[in-house]
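Structure, as C-alpha cells:
The values are calculated or read from the model by the stated rules, or taken from the named source; none is laboratory data. Worth saying up front: this structure is predicted, and the values here are computed from it rather than measured. For neighbour counting, all protein chains shown are included, and Cβ atoms are generated from backbone atoms with ideal geometry for every residue, glycine included. Heavy atoms of the whole protein, side chains included, go into the accessibility calculation; ligands, DNA and RNA do not. Shrake-Rupley method; radii C 1.70, N 1.55, O 1.52, S 1.80 Å.
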Amino acid sequence: MCKDKMILVVFFVISCTLAGCAVTSSGNMVGEAAAVKYSTDEKKYRIAEVGVMYASSNEDCMFAPHYDVHYKGGALNLKASLYSLDYSFLGQKGGLFLSVPLTIPLDVGLRPSFVQWIGPLYLGAGVSFVSGFYPNEQDDDYEPEADDSYGRFDGFILYNFGGGIMFDVWEKITLGAYANYERMALNSGGSNVKEYGFYLDIMSETHGKENLPAYSKRVDVMTLGLNAFIKMKNPLGFYAEYSPGKLMYNNDWWKFRVGAILLY
C-alpha cells in the first residue's frame with residue numbers, strides 16, 4: 001500500500017473511532033490562501049485537502065432514560081477545488097474558488113469562497129451548501145424502542161470567515177497562523193451507548209445498553225490555528241487548529257482538527 005493510501009486509512013480509522021455523529025464544517029482559508037500565494041502566470045494551483053476533526057460540548061447534552069451524553073462527534077474531511085480564478089486588486093493578489101467538500105460519515109456539498117492578500121496578511125470567506133444521509137445506528141435490543149427508519153437526510157448551509165498571516169522563513173518553508181469564525185453541523189440518524197457508567201440497578205438487562213435519538217445541531221465557533229508549507233513543485237502544507245470552549249462566542253463548544261493540503 002502506498003504512503004498516501006496509508007495516510008488516508010489512518011485518518012479514516014481515527015475518524016470512525018472518535019465519531020459520535022457526523023461533524024461538518026465550512027473549514028478554513030489556508031488552502032485558498034496558499035494557492036493564491038504560490039500561483040504564478042505560468043502555474044495556477046488547485047487544492048486537495050484531507051483532515052480529521054473532533055468536536056464536543058462541555059455543557060449541551062442529549063437525554064435518554066438512564067444516560068445523558070454530551071454532544072460529540074468526529075469525521076474525515078476531504079476537499080478538492082473544481083475551479084479557481086486569480087485576480088489582482090490594487091496590486092494585491094486574490095482568488096475565487098469553487099470546491100467540493102466531502103465528509104465521512106457521509107455528506108457532500110459545493111463551496112464557493114474567496115481570499116484576498118494584503119501584504120503578508122490575507123482575509124477570506126466561504127459558504128458551503130451541503131446535504132447528506134446519516135444512518136440509524138439504534139439497536140432493536142436496546143431501550144427506548146428503536147426507530148424504524150434507516151436514518152435521516154439533511155441539507156444545510158455552513159459559512160466561515162477569517163484571516164491569517166504567512167511568512168517565508170526559509171527559501172522552502174512558509175509558516176503561518178490564522179483565526180477563523182465558522183459554523184459547524186452535527187448530525188445523527190440515531191445511535192446507541194453500550195456503557196453508560198455505574199447504574200444502581202445492576203440486575204437490569206438494559207444496563208449499559210441504550211438508544212439515543214436522532215438529532216441535527218448547528219454551532220458557531222471561533223478557531224485558532226497554525227500552518228506550515230513546504231515549497232516544492234507541488235507545495236505541501238499542514239495545519240492544526242483548536243476552538244477552545246472558553247473562547248468568546250464558543251459557549252463551551254470545542255473542536256480540534258488537523259489536516260494536510262496539497263497544491264497541484
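Observations, loosely collected:
- Accessible area per residue for segment 17-121, computed on protein heavy atoms with a 1.4 Å probe, is 43 Å².
- Taking Cβ atoms as reference points and 12 Å as the exclusive limit, the residues near Lys93 contribute a net charge of -1, counting Lys and Arg as +1 and Asp and Glu as -1.
- For Ser26, the residues whose modelled amide H falls within less than 5 Å of its own, excluding neighbours fewer than 5 places apart on the same chain, are Tyr159, Arg183.
- Ala177-Lys43 FRET efficiency (beta carbon distance; Förster radius 25 Å; 0.05 resolution): 0.45
- Paramagnetic label zone (point 7 Å from Cα along Cα-to-C-beta, Leu121; backbone N under 19 Å) in segment 221-264: 223-227
- Count Lys and Arg as plus one, Asp and Glu as minus one, and take only other residues whose Cβ is under 15 Å from that of Phe167; the net charge is then +1.
- Near Lys79: Cβ cut-off under 13 Å, other residues only, Lys/Arg at +1 and Asp/Glu at -1. The net charge is 0.
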